[in-house]
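Let me begin by presenting the structure, written as structure tokens, before commenting on it.
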Amino acid sequence: MSRIGKKPVTLPAGVEIKVDGNMITVKGPKGELTQEIGEQITAVVDGSELRFERPSDTKEDKAQHGLARALVNNMVTGVTAGFQKTLKILGVGYRAEKQGSNLNLSLGYSHPIVMPDPEGIETEVPDPNTIIVKGIDKALVGNYAAIIRAWRKPEPYKGKGIRYENEHVRSKEGKAGVAKA
């Protein structure tokens, strides 16, 4: 049996869950999320717990079982505590600033990059070299942080670029032993 799938999802106080076939809706203090789970997986609300059951032990059913539980657990965490990713900007002249609901990035291009916050996502810029992406949907927060990071990925020679807060970038040596003629 799937080790993740057989764990129940505990529902904290203030969280409502609605199961309608294979559509699960979770309401909490921060908002509401809806997720469709696999057709063969059934969700059972048992007091303040939500359990998932699967019809057979096929490889696909086991995978769907664990996936359904993980997605719903992330929804419950999102509507109660929320998710956030922190990005750090390194490089001379690289900076970020917030103007209304737009994120302005100066990353060495000939023009500033203006990114409006998508629906359900909020960005904060506590200082010019830090960006915090917040939201209730874990996938949207991670995706938007990856889109921001893709504008200037960290390069391995000088370490310049945008990186996640705890990301380690292995640095490389430059060219060595090249004789100038």
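The values are calculated or read from the model by the stated rules, or taken from the named source; none is laboratory data. Only a predicted model underlies this, so the values are computations on that prediction, with no experimental measurement involved. Every residue, glycine as well, gets a Cβ built from its backbone with ideal geometry; the counts of neighbours run over all protein chains shown.
If the condition is being on the phi < 0 side of the Ramachandran plot, more than 22 Å from the chain's Cα centre (by Cα) and assigned to a loop (DSSP other than H, G, I, E, B), then the stretch 2-27 contributes Ser2, Arg3, Lys6, Lys7, Pro8, Ala13, Asn22. When the criteria are applied in full, Thr86 meets the requirement of being in a strand (DSSP E or B) and under 19 Å from Ile136 (Cβ atoms). Scanning the stretch 83-92 finds no residues that are over 30 Å from Ala13 (Cβ atoms), touching a strand residue (DSSP E or B) at 6+ places or on another chain (Cβ under 9 Å) and without any contact (Cβ under 8 Å) to a residue 24 or more places away in the chain.
Taking every residue in the stretch 3-32 that is free of Cβ contacts under 8 Å to residues at least 12 places away in the same chain and pairing it with any residue that is surrounded by 12 or more Cβ atoms within 10 Å (Cβ to Cβ) and of a type in the set (S, T, N, Q), at least 6 positions away or on another chain, the pairs with Cβ-Cβ distances below 6 Å are Lys18/Thr25; Thr25/Thr34.
Scanning the stretch 28-67 for residues that are within 20 Å of Leu140 (Cα to Cα), of a type in the set (A, V, I, L, M, F, W, C) and in a strand (DSSP E or B) yields one hit, Leu33. Being of a type outside the set (A, V, I, L, M, F, W, C), exposed (fewer than 15 other Cβ atoms within 10 Å of the Cβ) and not assigned by TED's automatic domain parsing to the domain that holds Asn143: is that true of Asp61 here? Judged against the criteria, Asp61 is not a match.
Condition check ((1) buried (at least 18 other Cβ atoms within 10 Å of the Cβ); (2) under 16 Å from the mean Cα position of the chain (by Cα); (3) not basic (Lys, Arg)) across all residues:
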site	(1), (2), (3)
Ile113	no, no, yes
Glu122	no, yes, yes
Ala145	yes, yes, yes
Ile148	yes, yes, yes
Glu155	no, no, yes
Lys158	no, no, no
Tyr164	no, yes, yes
